[in-house]
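The values are calculated or read from the model by the stated rules, or taken from the named source; none is laboratory data. Since we're looking at a predicted model, the values are computed, not measured. All Cβ positions, glycine included, derive from the backbone under ideal geometry; neighbour counts span all protein chains shown. SASA here: full protein model, heavy atoms, side chains in, ligands and nucleic acids out. Shrake-Rupley method; radii C 1.70, N 1.55, O 1.52, S 1.80 Å.
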Amino acid sequence: MPVIGMDAATREAVGRQLDVMHAMPYTEALARAASMTDQDLARSLGHCRLNIAMAVSDHIPTRPDARASAFGLAKAALKGRTVADPDDVIRDLLRMPNRMADAVLFFHRERSDGTQPARYAVLADRRGPDGRPIIDDEIRKRLLEQIESRRRPGRIEAELRAAAAVADDPQIAQAIAGRGFKPDKDDDLDFRRFAPDWEALLAKAESHSQPEHARGLLARRADLPAAIRAALEAIHPAAHWLVPRPDVEAVRRALAGIEPTTPAGRFALGVLLRRGLAGGSLDAAEVVATVRPVAALLAFLAPTRRLWDDRLALRSLAFPDDARRWLAATMRDEAEAVLAPVLSQDPAAWAWFLHRATTWPGTLPELVAEIARGAAGNAGPPPVGFPRRAPEDAGDAGAADDSGDCLGTADPIAVVASLMPRPVFASTLAAHLEGWDPAAVQDVARLLEREPLVPDLAELALGPQGTASMRHRLAHNPGADLAMLWRIAAWDPAEPHALSALYRHPGASYELRTAVVIRSYSAGGLHPSLLKLLESRAPGTEPLTRLLASGDATALHAALQAVLGTVDPGHLLLGYAALAAAAGPEPVWALELERVGSLDRVIPDVRASMATGSAAPLTAAADPTRIPTEP
């Protein structure tokens, strides 16, 4: 729980005690949580920046002394701030004899879809040794007061009355008699209730109006009995991919059902593996020894940022970047331990691995053993350079239309390149580009588009031998840092296609997007794809673009005023500079005050113009030659 009077640095340090657990093994995180007092855990829960790690949400419900920490975890689960499915966390808390957790779960006033299943559990589903529901006296008293109230019910009161309709309690039943209270009309609620009749629930899933959806809700439950899960997987193959805490046998069952040979399949596998690794039911060695084909494992070694939201879960379970980086690094270390004894610094062995990894149907240890046997038997000259790919290959996805909507899975060839010792990679790259055949150059450009980003390839693209296609692909790569993006923006001559990709980059800053628009005009205007994007966000951008060089002050003023609240910052500065050149700085000052509402909120360039009474700061702000190579 938050502590009043704590300064910001102390709050950050307190919250960091839980945040760091995303970057340690599950068993170590469990031990760290166990070493903290109940109050320390509660304070950290109140101030942590990231979603609650699985080890923490697993540990608290097992603590005999959990009071304040159970209260804090209940609040976090109701807000969806746990990496584990909040429904599973809530059910674990309900198994505790804890009045504080019960109260917050029952009377939580913020909108949360986890509250009503918890109320049903307290009033009907959670039973003691005597077979009766375990209802705290204070909860019963407060609920009866709500039932007796004659005030018009709000949302909370309506939810409580619906929950009261399922209560197995004589006092509550007597209070609601003749009142017409009815349970919620929510079919999904039955699949989220505490300790249900599993056989009946499985049958209900089969007769449900949306059976695939109902089976998915059932498959995601951590408390699903093994026999029911086996029956469900027999009739619903996708259930293999929805196991919340998969062990190695669950992974084998999933792989036996569907081979992850497509980007979507590799994504589903990544979700499954991540749940197991973060939840302690899998370890990295098991994953490396089990996952096939090798391309699917390689994709998991360098997951892209866009894939770390668990879109196959009941709710979006966001794994923090800390967890993403740690899990990928852990898997990478294990894979390197398998590769090192055979490949080491041997260019021939690495060449065979590079060319066979993307098509090998078995596991990584099996491929490494095959390469070792080939080396011992003089299998012939090794292949040269990188594997050649047709333009329509998956590595080309997303580049043609700058949509930014491609699935974004890691490129297995780029993963192997990132694993290579630098001298081996350098010789492979030189061999591939010998003669600079256009098709070979395009192969290298494709490697630049998707994570993992190989630093030596990025430097090639940004060096004198780099091509416009390479820089355009690099501008798409989510792994490109801000310094690299600024170097692309400052490239001379400006490259509108790459600039358009920069504007969409997830790591682009406000300043970079401003610079991209301004820089585009030094190359003759916006790329059509960027103009289309900006026009869709702020209708009127295209007319403003045509007017920038017109010198028509009246038309410029009207065009700027029409898009003032929606136009991008680059066009705004360009428009201000053009208007100041045509009519002086005063109309710009008036427009900016209209846009932001007060002097203290005007952008620095306009403030400088006001201070000097000159248009010079506005002209300088729209000068493309002032774009830095770094932020």
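Given only helices, namely DSSP H runs of n ≥ 4 each adding -39500 (n - 2.57), what is the per-residue ellipticity at 222 nm of the chain, to the nearest 500 deg cm²/dmol? Numbers along the way, then the final one.
Numbers: 37 runs with 366 residues, N = 631.
Value at 222 nm, helices only: -17000 deg cm²/dmol.
Heavy atoms only, 1.4 Å probe, whole protein assembly: order Phe71, Phe267 by accessible area, highest first.
Numbers: Phe71 60, Phe267 25 Å².
Sorted by accessible area, descending: Phe71, Phe267.
Solvent-accessible area of Val588, probe 1.4 Å, all protein chains present, reported in Å² to the nearest ten, please.
0 Å²
Kindly state, to the nearest 0.05, the FRET efficiency for Asp346 paired with Glu459, given R0 = 35 Å and r defined as their beta-carbon distance. Could you put the intermediate results ahead of the total?
Working: r = 25 Å, r/R0 = 0.71.
Computed FRET efficiency for Asp346 and Glu459: 0.90.
Order Lys204, Lys141, most accessible first, counting only protein heavy atoms with a 1.4 angstrom probe. Numbers along the way, then the final one.
Numbers: Lys204 65, Lys141 115 Å².
These residues rank, largest area first, as Lys141, Lys204.
Could you give the alpha-carbon Rg of the stretch 103-170 over 2.2 N^0.38 Å, rounded to two decimals?
Details: Rg = 11.7 Å, N = 68, 2.2 N^0.38 = 10.9 Å.
Cα-based Rg divided by the globular estimate yields 1.07.
With every protein chain left in place, what is the accessible area of Trp486 in Å² (1.4 Å probe, nearest 10)?
Counting only protein heavy atoms, Trp486 exposes about 10 Å² to solvent.
Under unit Cβ charges (Lys, Arg +1; Asp, Glu -1), what dipole magnitude, rounded to 20 debye, does the stretch 45-127 have relative to its Cα centre?
On the way: 14 positive and 10 negative charges, 58 e Å.
The calculated dipole for the stretch 45-127 is roughly 280 debye.
Just the number please: accessible area per residue for the chain, 1.4 Å probe, all protein chains included, in Å². Numbers along the way, then the final one.
Numbers: 27100 Å² over 631 residues.
Each residue of the chain exposes 43 Å² on average to a 1.4 Å probe.
Treat each spin label as a single point 7 Å out from the Cα along the C-beta direction, and report the Leu599 to Thr261 distance in nm.
Result for the modelled spin labels: 7.0 nm.
What spacing in nm lies between the two simple spin-label points modelled at Asp113 and Ala558, each 7 Å away from Cα in the Cβ direction?
Taking the two extended label points, one gets 4.9 nm.
Hey, with R₀ at 35 Å, roughly what FRET efficiency would Ala173 and Asp40 work out to, going by the Cβ-Cβ distance, to 0.05? Don't skip to the end; give the middle numbers.
Values: r = 43 Å, r/R0 = 1.22.
That pair, Ala173 with Asp40, gives E of 0.25.
With a point put 7 Å past each Cα toward its Cβ, work out how far Ala13 is from Asp481 in nm, to one decimal.
If labels sit at Ala13 and Asp481, their model points lie 2.8 nm apart.
Using a simple charge model, +1 on the beta-carbon of Lys and Arg, -1 on the beta-carbon of Asp and Glu, nothing else, what dipole does the chain show about its Cα centre, in debye to the nearest 20? If you can, show how the numbers build up before the last one.
Values: 71 positive and 81 negative charges, 299 e Å.
For this selection, approximately 1440 debye.
Could you please state how large a percent of the accessible area of the chain is carbon and sulfur, counting protein chains only and using a 1.4 Å probe? Kindly include the intermediate steps, with their values, before the conclusion.
Working: 14840 of 27100 Å².
Ligands and nucleic acids excluded, carbon and sulfur reach 55 percent.
Using a simple charge model, +1 on the beta-carbon of Lys and Arg, -1 on the beta-carbon of Asp and Glu, nothing else, what dipole does the stretch 102-244 show about its Cα centre, in debye to the nearest 20?
Values: 24 positive and 25 negative charges, 102 e Å.
Here the stretch 102-244 has a charge dipole of around 480 debye.
Would you work out which of Phe267, Ala173, Pro211 lies farthest towards the positive end of the dipole of the stretch 146-267, given +1 charges on the beta-carbon of Lys and Arg and -1 on that of Asp and Glu, about the Cα centre?
Comparing the listed Cα positions along the dipole, Ala173 ranks first.
For Tyr510, tell me the accessible area in Å² from a 1.4 Å probe, rounded to the nearest 10.
Near enough 130 Å² of accessible area.
Calculate, in nm to one decimal, what Ala289 and Ser536 gain on full extension: separation in residues at 0.36 nm each, minus their alpha carbon distance. Intermediate values should be presented prior to the final figure.
Numbers: separation 247, 0.36 × 247 = 88.92 nm, distance 4.86 nm.
Fully extending the segment from Ala289 to Ser536 adds 84.1 nm.
Under the classification rounded if a/c is under 1.5, otherwise prolate if a/b is larger than b/c and oblate if not, where does the stretch 14-113 fall, given a ≥ b ≥ c as square roots of the Cα gyration tensor eigenvalues?
Values: a/c = 1.63, a/b = 1.39, b/c = 1.18.
Cα axes put the stretch 14-113 in the prolate bin.
Can you give me the Kirkwood hydrodynamic radius for the stretch 324-390, using every pair of distinct Cα atoms, in Å to one decimal? Kindly include the intermediate steps, with their values, before the conclusion.
Working: mean 1/r = 0.0773 Å⁻¹.
With all distinct Cα pairs of the stretch 324-390 included, I get 12.9 Å.
Going from most exposed to least, what order do Glu28, Glu334, Glu592 have by accessible area with a 1.4 Å probe? Working shown, then result.
On the way: Glu28 90, Glu334 60, Glu592 0 Å².
In descending accessible area the options line up as Glu28, Glu334, Glu592.
Of the options Ala581, Ala53, Ile135, report the single residue whose Cα projects farthest towards the positive end of the charge dipole of the chain (beta-carbon charges: Lys, Arg +1; Asp, Glu -1).
My answer, from the dipole projection, is Ile135.
Translational diffusion coefficient, Stokes-Einstein: compute it for the stretch 157-218 using the Kirkwood radius over C-alpha pairs as Rh, at 4 °C and 1.567 mPa s, and state it as an integer in µm² s⁻¹. Before the final figure, lay out the partial values.
Numbers: Rh = 13.2 Å.
Result for D is 98 µm²/s.
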